[in-house]
Amino acid sequence: MYLINSYGCDVELESSNFWCYFGRMTKRPLKHFMYYITKLANKIKILYKRKKIKWDGYYYFAITKQ
């Protein structure tokens, strides 16, 4: 838990009768959504590093028709 928290991620522990959350909680939905997006990007980066995937030399991104 310390390692994940030191990476800047939030930790949620739960069982059948217990729930614990380590991180920031906000009352405003839009602010919480923006916080969630940054934490999700951080999680993806950490999981990518842990899997040790070799870089193929290309960058992938999405664009709209406009």
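The table for this structure:
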| quantity | calculated |
| --- | --- |
| Test: residue in the stretch 20-34 that is modelled with pLDDT under 90, closer than 26 Å to Met1 by Cα and in contact with a helix residue (DSSP H, G or I) (Cβ under 6 Å, 6 or more places away or on another chain) | yes |
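Residues checked against (1) surrounded by 11 or more Cβ atoms within 10 Å (Cβ to Cβ); (2) outside any strand (DSSP E or B); (3) in contact (Cβ under 8 Å) with a residue 24 or more places away in the chain:
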{"site": "Tyr36", "(1), (2), (3)": "yes, yes, no"}
{"site": "Leu40", "(1), (2), (3)": "yes, yes, no"}
{"site": "Lys43", "(1), (2), (3)": "yes, yes, yes"}
{"site": "Leu47", "(1), (2), (3)": "no, yes, no"}
{"site": "Arg50", "(1), (2), (3)": "no, yes, no"}
{"site": "Asp56", "(1), (2), (3)": "no, yes, no"}
{"site": "Tyr59", "(1), (2), (3)": "no, yes, no"}
{"site": "Lys65", "(1), (2), (3)": "no, yes, no"}
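The values are calculated or read from the model by the stated rules, or taken from the named source; none is laboratory data. Every value quoted in this text rests on a predicted model; they were computed, and no experiment measured them. All Cβ positions, even for glycine, are placed from backbone atoms using ideal geometry, and neighbour counts span all protein chains on display.
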